[in-house]
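The structure under discussion appears below in the form of structure tokens.
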Amino acid sequence: MKRDFIGKAIFLVAFVAILVVSVYGFSGKMMEERHDALNKTSETTVEKKAENKEENTTEKTAEATTEPETEESRELPKSTDKLVCFTFDDGPYAPVTNKILDTLEKYHGRATFFVVGDRAATYSDEIERASKMGCEIGTHTYSHVNLNTLSVPEMQKEIRKSCDAISKYSGKKVKVLRPPEGAANETVKANVNMPMVMWSVDSRDWDYRNADKDYQTVMDNVFDGSIVLMHDLYPATADAVARIIPELAKQGYKFVTFSELMKIRGVDVEPGEKYFNATPQTPAEDCDDAG
């Protein structure tokens, strides 16, 4: 009996040992397989991220190599066409500026935006978009200060600082200035070193802030070669522009920047000079006939 008991015990121990070894081996194999699967998943994720990164880089490179439209690449209207230059001060302001750009884009038009330099970084996307559309980006000083009140060094610093801020996002040199409040005495004229763009039609949108009044004021006063003053700060202005542009387009007007208007009409602009409009030039023979 004792020998039988010992034999059974030895058999039981051996069986348990074999069972433990088998289970451990199976578990170990499962762990290895799970580890391999996780590694493969990780590798796949890394590969996908790398592919996505490569695709994104390719897309960005493609975007970066796309040349923005330049003044030279656009077929300019003729000098005999009806022309109007819309100008917008004090911006940008995204909700308003973008709506104005949408309208201009729809009617293949351009305008000139006189940007306040200390707004450039905040609304860099709007400056970039307007510039790529071929709009002209001028300076309205850095802090919208009356230039007549400044010393010459202060004045030049205001203009230089604003031009640097604007060019960073427009990608182009700033070539034109609109002095705040239209204020430019002889000292300003002698020291600004760029043409000063004034206006011949004041929409008074800064006063009305009413789309109906803005619309009517412009439509009652606009003429061939006029420079229209507006502000891309007020929602009513964008609403008025969305009505004015289509109506003037029906009348045969084409929408150009200040520099385009001057070039088309053969006006040589000079630093420190003020420009209010560029009406069609009267042919010499007409003058002779008039006697």
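Since every read-out is calculated from the coordinates, none of them should be taken as a lab result. Model, not experiment: these values are computed from the prediction. Every residue, glycine among them, receives a Cβ derived from its backbone with ideal geometry; neighbour counts consider all protein chains shown.
So the values come out like this:
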item	result
q = 0.17, 0.19, 0.22 Å⁻¹: log10 I(q)/I(0) that the Debye formula gives for the range 189-291, counting C-alpha atoms only	-0.88, -1.00, -1.15
Relative packing of 178-184, 132-138, which averages over residues the other C-beta atoms within 10 Å, highest first	132-138, 178-184
Within-13-Å neighbourhood charge of K213 [Cβ basis; K, R +1; D, E -1]	-4
A121/K274 FRET efficiency (R0 30 Å; Cβ-Cβ; nearest 0.05)	0.50
Highest average packing first - 233-246, 151-164, 85-98, Cβ atoms within 10 Å	85-98, 233-246, 151-164
Cα-Cα over 18 Å, subset of K78/K175; K106/K132; K213/K274; K99/K132; K132/K263; K82/K263	K78/K175; K213/K274; K132/K263
Longest to shortest principal axis, alpha-carbon extents of the range 132-272, angstrom	46, 33, 30
Dipole magnitude of the range 167-244 about its Cα centre (Cβ charges: Lys, Arg +1; Asp, Glu -1), debye to nearest 20	560 debye
